[in-house]
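Written out below as structure tokens is the structure these notes cover.
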There are 6 protein chains.
Amino acid sequence: MRNNNIRDVWAKGEAVVSAWLSIGNAYTAEIAGWSGYDCVLVDLQHGMTDVQTMIAMLQAISATPATPIVRVPSCDPAAIMKALDAGAFGIICPMINNAREAEAFVAATRYPPLGNRSFGPARGLLYGGADYFAHADASIVRLGMIETREGLEALDEILAIDGLDGIFVGPNDLGLAMGKGTLGDPTDEAVREAILRCLSAARAHGKHAGIFCPSSAVAARRSGEGFDFVVPNSDANLLKSALIAEATGARVSDRK
Amino acid sequence: MRNNNIRDVWAKGEAVVSAWLSIGNAYTAEIAGWSGYDCVLVDLQHGMTDVQTMIAMLQAISATPATPIVRVPSCDPAAIMKALDAGAFGIICPMINNAREAEAFVAATRYPPLGNRSFGPARGLLYGGADYFAHADASIVRLGMIETREGLEALDEILAIDGLDGIFVGPNDLGLAMGKGTLGDPTDEAVREAILRCLSAARAHGKHAGIFCPSSAVAARRSGEGFDFVVPNSDANLLKSALIAEATGARVSDRK
Amino acid sequence: MRNNNIRDVWAKGEAVVSAWLSIGNAYTAEIAGWSGYDCVLVDLQHGMTDVQTMIAMLQAISATPATPIVRVPSCDPAAIMKALDAGAFGIICPMINNAREAEAFVAATRYPPLGNRSFGPARGLLYGGADYFAHADASIVRLGMIETREGLEALDEILAIDGLDGIFVGPNDLGLAMGKGTLGDPTDEAVREAILRCLSAARAHGKHAGIFCPSSAVAARRSGEGFDFVVPNSDANLLKSALIAEATGARVSDRK
Amino acid sequence: MRNNNIRDVWAKGEAVVSAWLSIGNAYTAEIAGWSGYDCVLVDLQHGMTDVQTMIAMLQAISATPATPIVRVPSCDPAAIMKALDAGAFGIICPMINNAREAEAFVAATRYPPLGNRSFGPARGLLYGGADYFAHADASIVRLGMIETREGLEALDEILAIDGLDGIFVGPNDLGLAMGKGTLGDPTDEAVREAILRCLSAARAHGKHAGIFCPSSAVAARRSGEGFDFVVPNSDANLLKSALIAEATGARVSDRK
Amino acid sequence: MRNNNIRDVWAKGEAVVSAWLSIGNAYTAEIAGWSGYDCVLVDLQHGMTDVQTMIAMLQAISATPATPIVRVPSCDPAAIMKALDAGAFGIICPMINNAREAEAFVAATRYPPLGNRSFGPARGLLYGGADYFAHADASIVRLGMIETREGLEALDEILAIDGLDGIFVGPNDLGLAMGKGTLGDPTDEAVREAILRCLSAARAHGKHAGIFCPSSAVAARRSGEGFDFVVPNSDANLLKSALIAEATGARVSDRK
Amino acid sequence: MRNNNIRDVWAKGEAVVSAWLSIGNAYTAEIAGWSGYDCVLVDLQHGMTDVQTMIAMLQAISATPATPIVRVPSCDPAAIMKALDAGAFGIICPMINNAREAEAFVAATRYPPLGNRSFGPARGLLYGGADYFAHADASIVRLGMIETREGLEALDEILAIDGLDGIFVGPNDLGLAMGKGTLGDPTDEAVREAILRCLSAARAHGKHAGIFCPSSAVAARRSGEGFDFVVPNSDANLLKSALIAEATGARVSDRK
């Protein structure tokens, strides 16, 4: 079984740095895979991407040192299993609001008797290797997103679910759910406190805590706080910022 | 006929700032179109893009304020006509080495009797409007690339071709052709001189001069020198730089 | 925020005329957008289209004067949110049978606290503009389909749901549900009466009523009856009819 | 070897009626194949289509009673062979200006020793059958387009090329080449005369004459004149007309 | 209505032999359709395929003598209806665990009043013919998968559901669910017994029994046992085995 | 620079075994890459593949131990350069008939001053590494196809071209060109002799000789004869044979 960088980094006590792909394209996915990230996430929820494109992106990431993972659109077992069959080595599942949803999420990623994942690991077998079936359940990483009031309140019961590796905080959605707007790096005290509560709850359960950040500076700060899975913005945002900066800069001339 | 930003900017005596798309994707094309560029170029030569993707990208750019243009893979009339039929309002043609090639390039972009473009303007008609046929030849912009020794030597005969709007310099290829390596902003004196010779020849003919630049700083400088069509790097390069910077930055933490 | 033609037309007290795309193709979508419709609908339910194609179609429609909208395959929040993130300015949701389903539908289209739409408006931000988040909930149009006996019986409770702009009648499915066959312009008295009941219920609630029609003649009649969102057939049906007519016509010759 | 409808219709002394696909989509191709045409043409020249889409379209047409054919973008042997390998049973080649080009076109469609088609009939073998190699050269139909002054003047030498089944007239391009504008059904006397000269030359050589028409009425008239391969407009034009007519019709109401 | 080979073969008392497509590609689908199978299945559950690719594959299969069918990813009515609208003449639905799920599955495949399939048969109409609506419900084949302990225990209530044509056994998943590993041809006595119990239960209800097999030898044996729908492995497995065998064989040389 | 397996195998004096992909699909490409081949070839000439699909296939092969190479459709410099920019580490060029064509082929693969490859190595840089430009020319493998009488007669002048690594024999086309039919393993004495003449000429020039074979048995024999680049059939042929064999085998039962 091919190693999962996420588990390797965690084993060293370090924070995983993940790229986040909103652009549905295999070339940009491959670029991301060669840019120094531990893993590269294909975002099926808000990304301009669907399943067929995801497969091509997972192939492209597989050609790089980064580990391919997927954020699924919802806690739909069929979608989760498809991402795994296509070779994802980790799943981030949005909108985990209670223990029941966390359990359903985890079950969809594990073969019986521990779960109900259906057998047919297609590309997983190519990427993972011939012993994929024996090691997949142990290797795959599962993070549930805390982004609603219900999720916040159920933190403990969610983190208690066996097989869940940890939680992932979406600050935009969390702030929104708390009626405090959509800041990538929230300034509202209540939201800040909620985010840190997620972190401390995860640690108390011996589990991992990840977070989406609006920049590498925030990601570094979050890592310093103890988050061990940080995402410094998305490819689409980074590209847009860079394109705007270059267009602006190109017009600053002493042209006569 | 919809206006062509390139001609509008030139009419004001200013330099066109163009985005350059190596990524074959319509979402990134649309992002570029909203980032402040006068035009957005789909690169069929070195980009990871083919004709079907180009069509989707031209559609996406058409939804933005930017004018869609295309660099074709070679001076192949069928490829040039396809890009125009798909709605490109400008063509950059690589490897123009002499007057004959410049003439063939221009002819492929003009309807008879001035050229030999075949009739069937498909998307051009949608994007350009019902009077596309009447105005297309006047609106479309044509730039021939100077990137070989032969091209350099034939500058005057190339620029003399009626209908050619100007030239576009590829510093990497020009430097390579001159045996001086592939610097995006050449430091070699002979290459620098050759680039400026392109500019002055274009001006002497009352035509336009464009150039690919490795950054907006260089683009601004080129604009100051008199180039009136500048490209501050490609989407793929910008994305890669941004991704690497964020991955690096995210690891700089005081994690304990 | 870019304007939504549907709301503009309604504000003038007129009936919206929408194109209906069963063909999964961005070029035909763009053709439709330039053909005089207020909005153009991508049909994910019965159309030969999936999510990736929908994104390309929404981009193509965005390059035209028409407002892009989507019929989702079912009342699945993930599918609804994806269509909105991809830039749809309206959603028609099939099979709304009761208030609970209508409420779930509306909630998926609204950010908290009014709903549970997850944050990540990708293309919505490009098409809608930088102030998308502030205005999206007010701008997006939501129509629930009445096409079952349950839906008919629950008309009032459905129309009472806050945020639902109105209903959309599928005469084929409604007739089928009532055991009266699948006529696009039903002749059965009970079905005709049910359709008009939908209209009068919508009006009684101060809401809008749309309907799919087999031709522009029927659409015009429905508009005269008071329906303020009419669809004169689908692109696939129109193309098929035109192709058959031309093939037939071409064979009528005095060939000897 | 599966039969070629075009040869069957010609054997009965009748005119072939062909659909013409500018839309790059397999579903519309399949619709066309079920609409009563003898053959369905995928237009790679001006259509919004490339090779991968063409393959899917040829597959879709193969599921219908119509014979699949292709207009290639230019007289490029590689493009011609690819269309044949993908299962096209006929090729229309644009811009045939002289005997040499006609000969090159025909050679690219025939295996040695009669031509230089390279061996590897991929889908041709599936669609044509196991005896494809034995019968392909005899079954495939080859029409060269006359659309330039040179082509008109070289009519006789072109028609004399062995293996060329006939010519195909593009009235738009022919009119344009003659300086008479782009009318689908030319009214200019010189263009009308040139078109009929194509017809009589083909007949004099015992060969076939085809023509693109702006409507079935014109196609029927052309068939009456003796053209035995007529095209009553393209899918994109038909769809656009139908969409506009329905949008207009839907607004004609007595709405109050 | 076009005939359904599956019903024809069953009417003769024979076993259907089906190809199984894990590769998401229309060319391989067409190859399979010409390889001697009664039907060809597109696997949306574990195959590297999504909806848009499925449509292209169904078109390709429609060009062959084989009947196109689909395994949907889950018992989701929207997914089932989409496959049918796209022209599938049979559906295999995974994870049928009880009568309620079997009933929901069947209902999604039938128009009211027998079910709740929504009307809009798109490609079904092209492939099936103009009388599709009248005959679809009778022609479409429905097989529910037994692959869990719950499913095994509920065999009788599942088979009692009206409209369900029978069951399909997934030996890998069944063995896994029973804690006996994932052998394509199980050797464990309990699993073997369970498989035969599925067969005898189906027969007792006058219904059909299908099974996935790891080879044609096993498929022939299963057919001999009484299974009347057998699948001799998948395209991906067959291709992989053949590729490995050829690579190995090519290296066995007396090279000096 | 990443190593090129072809050069490594040749350095050991062994024969390269290459897979040959006629199926235009990235999943089958990845399967081939894990099946024990030194390199995997994407066939753009006769394969059901175009440029966009090729890029995805090269990405998929890059995720495996095999080296990705491409057969281009013709000796078109733009097509050759595109394949290299997309990351191909070797090119097989069809229809090399003389020294001039061989020279043009080689020049298109080399940067100035040795050739005229245009600079812009996109994916090449990702797959090859940051030092791609320094090593690409030395690493890339170039084989010209001998498949015509002219090519056979010009063997020596072709093999004398500096930078050409060797030749590749297409027995089908060679037999066809010699008027001896299209046997994958020719039995005709003249064709057999011509094939061996290719081999001995290559050896005399210190160059490599490759050949397409209809099976691994023939490939092993060819390797024994001295060919050092052998292809044991294509993916499409292997899949078709396997599918037919399984369909046939599944029907051999003692069913009663």
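At a glance:
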read-out: Nearest-20 debye value, region B:5-251 charge dipole, Cβ charges on Lys, Arg, Asp, Glu; value: 260 debye
read-out: Over the protein assembly as shown: helical MRE at 222 nm, DSSP H runs n ≥ 4 each giving -39500 (n - 2.57), nearest 500; value: -13500 deg cm²/dmol
read-out: In range of the label at B:Arg203: residues from region B:1-25 whose backbone nitrogen is under 18 Å from the point 7 Å along Cα→Cβ; value: B:10-16
read-out: A:Tyr111 - accessible surface, heavy atoms, 1.4 Å probe, Å² rounded to 10; value: 10 Å²
read-out: Taking N as its residue count, the alpha carbon Rg of region F:1-132 over 2.2 N^0.38 Å; value: 1.00
read-out: FRET efficiency for B:Glu153 and F:Glu14, using Cβ-Cβ distance with R0 set to 51 Å, rounded to 0.05; value: 0.60
read-out: Probe 1.4 Å, all protein chains present, accessible-area order of F:Ser74, F:Ser18, largest first; value: F:Ser74, F:Ser18
read-out: Semi-axes of the equivalent ellipsoid for the protein assembly as shown, Cα gyration tensor, largest first, Å; value: 45, 38, 38
read-out: Where labels lie 7 Å past Cα in the beta-carbon direction, separation of E:Asp188 and A:Glu189 in nm; value: 5.9 nm
read-out: Three semi-axes of the equivalent ellipsoid, chain D, Cα gyration tensor, whole Å, largest first; value: 29, 24, 16
read-out: Copy-to-copy label separations for E:Ser241, where each label sits 7 Å from Cα toward Cβ, in nm and ascending; value: 1.4, 5.3, 5.3, 5.4, 5.6
read-out: Whole-number Å³ per residue for the convex hull built on Cα positions in region F:101-184; value: 104 Å³
read-out: Pairwise FRET efficiency - F:Asp131 versus D:His135, Cβ, R0 = 60 Å, nearest 0.05; value: 0.70
read-out: Apportionment of accessible area to carbon and sulfur, region E:118-212, percent (1.4 Å); value: 53 percent
read-out: Approximate shape of region F:72-111 as ellipsoid semi-axes (Cα gyration tensor, √5λ), whole Å, largest first; value: 17, 10, 8
read-out: Size of the D/C contact, given as accessible area buried on both chains, probe 1.4 Å, in Å²; value: 3700 Å²
read-out: Cβ neighbours within 10 Å from other chains - mean over A:11-21; value: 2
read-out: Overall dimensions of region A:102-254 as given by Cα atoms, namely Rg and Dmax in Å; value: 19.2, 71
read-out: Helix runs (DSSP H) in chain C reaching 20 Å along axis by Cα, Kyte-Doolittle at least 1.6; value: none
read-out: Under 5 Å, built H, 5+ apart or other chain: amide partners of C:Gly90; value: C:Val70, C:Val141
read-out: Accessible-area order (highest first, 1.4 angstrom probe) of the listed residues B:Glu153, B:Glu101, E:Glu103; value: B:Glu153, E:Glu103, B:Glu101
read-out: Rg ratio (alpha-carbon, reference 2.2 N^0.38 Å) - region E:179-256; value: 1.51
read-out: In Å², nearest 10: area of F:His208 left accessible to a 1.4 Å probe; value: 40 Å²
read-out: Heavy atoms of D:Asp235: accessible area, 1.4 Å probe, square angstrom to 10; value: 0 Å²
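The values are calculated or read from the model by the stated rules, or taken from the named source; none is laboratory data. Remember, it's a predicted structure, so these values are computed and weren't measured experimentally. All Cβ positions, even for glycine, are placed from backbone atoms using ideal geometry, and neighbour counts span all protein chains on display. For the accessible areas, the whole protein counts, side chains as well, though only heavy atoms, and no ligand, DNA or RNA atoms are used. Shrake-Rupley method; radii C 1.70, N 1.55, O 1.52, S 1.80 Å.
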